[in-house]
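The values are calculated or read from the model by the stated rules, or taken from the named source; none is laboratory data. Only a predicted model underlies this, so the values are computations on that prediction, with no experimental measurement involved. Here the Cβ positions follow ideal geometry from the backbone for every residue, glycine too, while neighbour counts run over all protein chains shown.
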Amino acid sequence: MDLPPSGHEAVLIQEVLELLAPKPGQIFIDCTIGRGGHALAIARQLGPTGLLIGLDVDPRNLEFAASRLNNASSANQATPQHNNNNSQTAGLPTIRLFHANFAELPQVLSAVGLPPANAVDGILADLGVSTNQLFDPAYGLSFSQNMPLDMRLDPRTERSAADLVNTLPEEDLANVLYELAQERYSRRIARKIVESRRFSPINSTESLAALVCAAIGSRGGAPNKIDPATRTFLALRMAVNREMENLDALLASATGFLKPSGTLAVISFQSMEDRRVKQAFRMAGQAGKLAILTSKPLTASARELAANPRSRSAKLRAAQRL
């Protein structure tokens, strides 16, 4: 498919801006800056007296976002922060970008010089992968073409998907597929993988997808049903990148980073993530820490769906600190 000029279209931008309501001079964190779509929209609201802190585990996306934010203004460059230098852009806020996971937010705030609590006005986390990552063989995320079976978004991550597929015991592998992606054929798939790897390592997305299909066959149904390998690939990506563990860390700590009346917004793309966010917000609400702003998750409008079909799975929830 043809990628958009940015490599990825940020979803639910207007809804994000309405819920977060960024104002000039405020401090915001984009936990998953990606290709910079949400960050740029927020930055334009913060103005030159504000501060935008951006994080991403993918240094290549981080570099792209820095360039995109810089190109939005003719002033000084916004560059990824490895030495923690400030950057100011005309019309845009001070921008600090970090190669970091949102589970590392306490360290990032310390590097910025902000206190560990009551520090920011808004936090956004978009939990989806960028479209450019799906179609770049360097990431090994997709079976739409043959790629090395990797799936690491952060180069600091030690174990690839190939490592998990070729070393996990059968029961552990089945549990990963079932617990992270609700794959009903998890045991059958795990058994097939273990049988195959005895003869030859599984090192490509094409070979793994073929094994999954061989294990469970065609599921039949309408042509728009998901490919049989989709859930296996989703589960492995989540396991490799520790996505649920990192999300839990963010949800456990984010409220404390917010100033009173500060807002946390999370965009999820699959049911397990959305359920986790919903439960965390509900528990914080019952404890008197958060006021839930979205009784139901916001989803893409018909207009956005027509322009960007990938937005169909996006669910946005937000809550405000009391």
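General remarks:
- Scanning segment 288-300 turns up no residue that is part of a helix (DSSP H, G or I) and assigned by TED's automatic domain parsing to the domain that holds ILE27.
- Any chance PHE281 is in contact with a strand residue (DSSP E or B) (Cβ under 6 Å, 6 or more places away or on another chain) and under 20 Å from CYS31 (Cβ atoms): yes
- Restricting attention to segment 299-322 and to residues that are of a type in the set (D, E, K, R) and touching a residue at least 24 places away in the same chain (Cβ under 8 Å), the residue that is farthest from ILE13 (Cα to Cα) turns out to be ARG321.
- Condition broken by ALA190, with the remaining ones in (1) assigned to a loop (DSSP other than H, G, I, E, B); (2) modelled with pLDDT of 95 or more; (3) not aromatic (Phe, Trp, Tyr) satisfied: (1)
- Selection from segment 151-184 of residues that are in a loop (DSSP other than H, G, I, E, B), in contact (Cβ under 8 Å) with a residue 40 or more places away in the chain and surrounded by 15 or more Cβ atoms within 10 Å (Cβ to Cβ): MET151, ARG152, LEU153, ASP154, THR157, SER160, GLU183
- Annotation: MET244 fulfils all but one of (1) crowded, with 22+ Cβ neighbours inside 10 Å; (2) part of a helix (DSSP H, G or I); the unmet one is (1).
- Filtered residues of segment 89-122 (kept if hydrophobic (A, V, I, L, M, F, W, C) and assigned to a helix (DSSP H, G or I)): PHE102, ALA103, LEU105, VAL108, LEU109, ALA111, VAL112
- Index of the failed condition, ALA117 passing every other in (1) closer than 30 Å to ARG312 by Cα; (2) in contact (Cβ under 8 Å) with a residue 60 or more places away in the chain; (3) surrounded by fewer than 19 Cβ atoms within 10 Å (Cβ to Cβ): (1)
- Selection status of ASN70, modelled with pLDDT under 95, in the same structural domain as ALA100 (by TED's automatic domain parsing) and surrounded by 15 or more Cβ atoms within 10 Å (Cβ to Cβ): yes
- Test for THR255: is it surrounded by fewer than 22 Cβ atoms within 10 Å (Cβ to Cβ), in a helix (DSSP H, G or I) and among the β-branched types (Val, Ile, Thr): yes
- Residue check for SER271: more than 30 Å from PRO5 (Cα to Cα) and small (Gly, Ala, Ser): no
- PRO5 meets all of the listed conditions (1) outside any loop (DSSP other than H, G, I, E, B); (2) more than 17 Å from HIS99 (Cα to Cα) but one, namely (1).
Each row is one residue, and each column tells you yes or no for (1) over 19 Å from HIS38 (Cα atoms); (2) at pLDDT below 95; (3) in the same structural domain as LYS23 (by TED's automatic domain parsing); (4) among the hydrophobic types (A, V, I, L, M, F, W, C).
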| site | (1), (2), (3), (4) |
| --- | --- |
| SER207 | yes, no, no, no |
| ILE216 | yes, yes, no, yes |
| ASN224 | yes, yes, no, no |
| LEU264 | no, no, yes, yes |
| GLU304 | no, yes, yes, no |
| ALA314 | no, no, yes, yes |
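- Only listed residue being within 29 Å of GLU183 (Cα to Cα), among the aromatic types (Phe, Trp, Tyr), modelled with pLDDT of 95 or more and within 20 Å of the chain's Cα centre (by Cα), chosen from PHE257, PHE281: PHE281
- When the test is whether a residue is modelled with pLDDT of 95 or more, out of contact with any Lys or Arg (no Cβ under 6 Å at 6 or more places or on another chain) and either at positive phi or of a type outside the set (A, V, I, L, M, F, W, C) (or both), LEU12 passes it.
- Flag for PHE102 being in contact (Cβ under 8 Å) with a residue 40 or more places away in the chain, of a type in the set (Phe, Trp, Tyr) and touching a helix residue (DSSP H, G or I) at 6+ places or on another chain (Cβ under 6 Å): yes
- Considering segment 123-135, the residues that are touching a residue at least 12 places away in the same chain (Cβ under 8 Å) and assigned to a helix (DSSP H, G or I) include one that is surrounded by the most Cβ atoms within 10 Å (Cβ to Cβ), namely GLN133.
- Across segment 136-150, the number of residues qualifying as touching a Gly at 6+ places or on another chain (Cβ under 9 Å) and surrounded by fewer than 16 Cβ atoms within 10 Å (Cβ to Cβ) comes to 1.
- Residues of segment 197-215 satisfying the condition of being polar (S, T, N, Q) and more than 26 Å from PHE135 (Cβ to Cβ): SER200
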